[in-house]
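The values are calculated or read from the model by the stated rules, or taken from the named source; none is laboratory data. This is a predicted model, so every value here is computed, not measured. Reconstructed Cβ throughout: ideal geometry from the backbone, glycine too, with neighbour counts over all protein chains shown. Protein only, heavy atoms only, side chains kept; ligands, DNA and RNA dropped before computing areas. Shrake-Rupley method; radii C 1.70, N 1.55, O 1.52, S 1.80 Å.
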Amino acid sequence: KTLPHDAELASLIWRKDVREMKLLALLILPHDAITPELLQAWSPEITELEVAEHFVLELVTPSGYGEALALILWSKAPTTAMTRLLPYIILNRLALEQKVSPTLLDELQLHVVYDLETAGLDLATYIHRSLSTLAERQPGSRSSLRQIACELIDSQLIDTYPYLVGADLMDLLDELDR
């Protein structure tokens, strides 16, 4: 059997502050009901990493609004840890599909140093993952990523997230360019 696809039911279920209910809402929301407004409204209500990952996989990716949502989330002051994390989950997904635009790359450069300076482990891990995926999947992004890596290395003390991510990214870029 399959799950019903019902936008009204998905919306009602989403409002419950229960992880499993949010995951179910993501599965039953019809793709034609996904709008930029819905993504913006639901994103601040995400409190679990697993829900954030499924939100991107089930709603953001199929909708084609990933870049727009990442830009909006970066342009607003993040209100939660998850709204800070979501642009990097989106970036990773777009990098896997080789769909990271120069605009998104420019916006990444504006935020990545600050985000790593103030990151916890989850955010630092996703930033590292998204930068690595981007370097591997989109060779055209490597010069911008090299600039980011230099910024991260130059502005930080050894053993901080920015330095470690920057150094690891630089090593990856050097290896990929061989």
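Since residue 54 meets every condition but one in (1) at pLDDT 95 or above; (2) open to solvent by less than 50 Å² (accessible area, probe 1.4 Å), which condition does it not meet?
Condition (2) is where residue 54 drops out.
State yes or no: is residue 29 open to solvent by 30 Å² or more (accessible area, probe 1.4 Å) and modelled with pLDDT of 95 or more?
For residue 29, the condition - open to solvent by 30 Å² or more (accessible area, probe 1.4 Å) and modelled with pLDDT of 95 or more - is not met.
What helices (runs of 4 or more DSSP H) completely inside segment 64-178 contain at least 1 residues that are aromatic (Phe, Trp, Tyr), in contact with a Lys or Arg (Cβ under 8 Å, 6 or more places away or on another chain) and open to solvent by less than 10 Å² (accessible area, probe 1.4 Å)?
Those helices (runs of 4 or more DSSP H) span 81-96.
Among 165, 100, which is the only one that is among the β-branched types (Val, Ile, Thr), touching a His at 6+ places or on another chain (Cβ under 6 Å) and either under 21 Å from residue 49 (Cβ atoms) or in contact (Cβ under 8 Å) with a residue 24 or more places away in the chain (or both)?
165
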